[in-house]
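The values are calculated or read from the model by the stated rules, or taken from the named source; none is laboratory data. Owing to the predicted nature of the structure, the values given are computational and were not obtained by experimental measurement. Cβ placement follows ideal geometry from the backbone for every residue including glycine, while neighbour counts extend to all protein chains displayed. SASA here: full protein model, heavy atoms, side chains in, ligands and nucleic acids out. Shrake-Rupley method; radii C 1.70, N 1.55, O 1.52, S 1.80 Å.
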Amino acid sequence: MTAQTHPVDHELVQAAADVARARCRGDNHTVAAAARAQDGRVITAVNAYHFTGGPCAELVLIGAAAAQGAYDLDTIVAVGDRDRGIVPPCGRCRQVLLDYFPALKVIVGEGHRTRAVPITDLLPESYVWADHQLDAD
């Protein structure tokens with residue numbers, strides 16, 4: 001683990017918190033995510049809970065970003081409904097985020113311990129899917 005931190009994008013945290021307050025309702029939508037694309041746009045999404053394991057907000061956000069033509073994300077954060085604050089990505093999301101965006105920064109922590117860290121710090125010694133693909137040559 002590099003323990004490298006980056007400045008926290010407070011506007012991004014606020015965007016996720018605003019979506020969580022406005023759009024998360026009941027048990028189906030309990031977490032909102034916000035990401036900043038390389039071009040500066042902010043994309044937001046909410047989870048789609050289902051007992052079969054519906055997608056987390058971070059995974060919904062990847063699809064929403066692609067639908068908007070944002071394929072390079074710089075930073076992401078997830079925030080829980082009912083003012084639960086920042087929610088760190090689950091293991092599945094960490095792996096997917098690493099595979100899609102290996103240079104991504106993730107905002108984690110709470111209060112004065114909020115920080116933006118490289119996704120690689122959240123999944124050290126990880127399996128990188130792209131490293132194990134056969135070349136199409």
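A straight line joining the Cα centroids of region 74-124 and region 27-67 runs 13 Å. Counted by Cβ distance under 15 Å from Val42, the other residues give a net charge of -3, where Lys and Arg count +1 and Asp and Glu count -1. Calculation over all alpha carbon pairs of region 1-78 in 10 angstrom steps from 0 returns a P(r) of 20, 47, 28, 5 percent. Dividing the C-alpha radius of gyration of region 56-137 by 2.2 N^0.38 Å, with N its residue count, gives 1.18. Each Lys or Arg adds one and each Asp or Glu takes one away; over the other residues whose Cβ falls under 13 Å from the Cβ of Asp83, this sums to 0.
Over all pairs of distinct alpha carbons, what does the Kirkwood formula give as the hydrodynamic radius of the chain, in Å?
Every distinct Cα pair counted, the radius reaches 15.1 Å.
Asp83 contributes an accessible area of around 120 Å² to the protein surface, as traced by a 1.4 Å probe with all chains present.
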